[in-house]
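To start, the structure under review is shown below, and the notes come after it.
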Amino acid sequence: MKFTARMCRNEVIPVMVISLTTIVRISFEGVQSFVPASPRVRLGPVIGIDDRFLMNSFQIQNSLDKASSTMPLPLRPSGRDWSTSKSISTNNSSSNQSTTLSTNKLDQTLASLTSAFPFFVLGSAILALLKPSSLLWTNKGDLITIMLASVMWGTGLTLTKDDFTVVLQQNWAAVPSGVLCQFLIMPLSALLLGRTILLPSQPYGSALFLGLSLVGCSPGGTASNLVSLIAKADVALSVLLTSCSTILASVATPLLVKLLVGSTIAVSGWTLCTATARVVLLPVLLGMIVNARAPTLASAISRFTPFCSVVLVALICGGVVAENAALLLSTSAGLLPRIVSAVLGLHCLGFLAGYLVPKLGLRFSEKTSRTISIETGMQNSALAVVLARSIGAPPIASLPGALSATVHSCLGSILAAYWRGVDSGRNDNAIKSMDQSPKDSPDDYPELLI
């Protein structure tokens with residue numbers, strides 16, 4: 001019986017949609033209850049909102065409230081003057097409260113939309129498979145490169161010197177350890193899985209191996225900061241590791257990719273290095289300069305960059321899937337199971353080894369080990385896509401990066417929800433044991449009896 005692409009679409013896509021949607025629904029069920037409303041935490045540009053603008057307004061409001069409570073009451077004016085001043089103060093107070101409420105509501109809405117990052121990426125991938133023409137426009141010219149550069153610019157807008165100094169003073173040993181885990185575990189895992197699963201699948205094996213190697217050598221996942229918050233990990237350390245790995249990627253990523261695939265496929269190290277610097281290093285440095293010179297402007301923009309970055313990353317992944325939709329849906333190639341299994345195995349190894357190495361090998365705390373695990377397992381998939389296109393690789397080389405965005409977001413969310421559930425269970429058991437323990441009696445302390 002001869003299968004066609006249309007028949008494969010009718011058979012495969014519903015099953016894939018149902019399974020992936022179920023995974024995302026389970027991983028993000030109740031995510032809003034996981035994220036505390038206060039105090040708010042700076043989570044970076046993609047999954048978290050920089051709150052310096054809000055905090056400034058709250059501090060001003062609190063100082064005004066304290067000042068009004070400590071200042072002596074003025075003499076009460078007579079007649080119309082008193083009623084007029086009272087109405088003016090009442091109107092000003094109402095205006096301030098309404099402004100604060102509207103600001104809080106906007107930020108809550110943006111945070112809710114941003115936390116649905118896997119839904120946006122998954123929806124974009126499904127749309128690209130069902131109707132590729134709807135997202136093919138993203139592949140025109142350098143549009144995808146410009147999108148990723150915008151995301152990296154948003155990263156720089158939220159970075160300050162304090163993000164680096166605080167963690168370095170309190171937990172400095174975790175920083176080099178986490179960076180080494182990111183640049184060693186994932187590239188080695190990509191080398192193992194790529195040569196085992198992808199390389200034998202000719203004629204596309206070499207291109208897919210290159211794409212998986214790019215994913216393994218592109219640290220700094222855009223959703224890792226939110227996942228660290230949900231998992232009750234060290235969010236400050238997560239932000240610092242993401243920042244360090246993003247900056248180091250401009251040098252380390254080209255060298256590692258050239259080392260992994262240099263003997264398999266011709267890759268220009270200089271071209272890869274310049275492409276990484278153009279889409280990562282320069283935008284991040286530009287964002288940091290804007291933040292240092294115009295912090296008020298950076299704070300105002302940073303309120304909206306998380307959700308905008310989510311949309312841009314989803315469009316990048318959807319565009320790559322749309323470009324390779326026909327090849328994915330052809331039954332003769334059978335590439336989709338191989339790519340999914342390789343990408344899934346890569347991130348599973350990253351999460352597992354990223355937790356065991358610092359926990360058992362380096363004897364770090366549970367909180368630090370969780371953070372390094374999340375930072376290791378979650379990669380900058382959009383960077384892998386852009387680099388594959390920048391060096392002139394075949395279009396299918398971008399496919400592992402496009403699928404990686406959905407896979408690592410779902411796995412990270414499931415892992416974070418599990419860790420949070422473990423902590424909640426421990427807290428409940430501790431409370432129960434305290435309730436069931438025998439109560440102290442005065443007879444137990446005869447020396448205190450009179």
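A Förster radius of 41 Å combined with the Cβ-Cβ distance from Y418 to S330 puts the calculated FRET efficiency at roughly 0.65. With a Förster radius of 56 Å applied to the beta-carbon distance between Q169 and V340, the computed FRET efficiency rounds to 0.85.
Once the Cα-Cα distance is subtracted from the 0.36 nm per residue extended length, the F304 to V251 segment shows a gain of 16.1 nm.
Short-range pairs are left out: with C-alpha atoms under 8 Å and at least six residues apart, the relative contact order of segment 208-320 is 22 percent. The candidates D234, D162, arranged from most to least accessible area with a 1.4 Å probe in the full protein assembly, appear as D162, D234.
When E323, E366, E375 are compared by accessible area of protein heavy atoms, the largest-first order is E323, E366, E375, using a 1.4 Å probe.
Residue order by solvent-accessible surface for R195, R293 is R293, R195, largest first, with ligands and nucleic acids left out and a 1.4 Å probe. Around W419, under 13 Å between beta carbons, what's the net of Lys plus Arg minus Asp minus Glu among the other residues? Once all neighbours under 13 Å are counted, the net charge is +3. Taking 0.36 nm per residue of separation and subtracting the current Cα-Cα distance, fully stretching the chain between L136 and L106 would add 7.6 nm. Computed from the C-beta positions of W270 and N429, the FRET efficiency with R₀ = 56 Å rounds to 0.45.
The values are calculated or read from the model by the stated rules, or taken from the named source; none is laboratory data. Bear in mind the structure is a predicted one, so any value in this text is a computation, not a measurement. Here Cβ is always computed from backbone atoms with ideal geometry, including for glycine, and neighbour counts include all displayed protein chains. Just the protein is used for accessible areas: all its heavy atoms, side chains included, with ligands, DNA and RNA removed. Shrake-Rupley method; radii C 1.70, N 1.55, O 1.52, S 1.80 Å.
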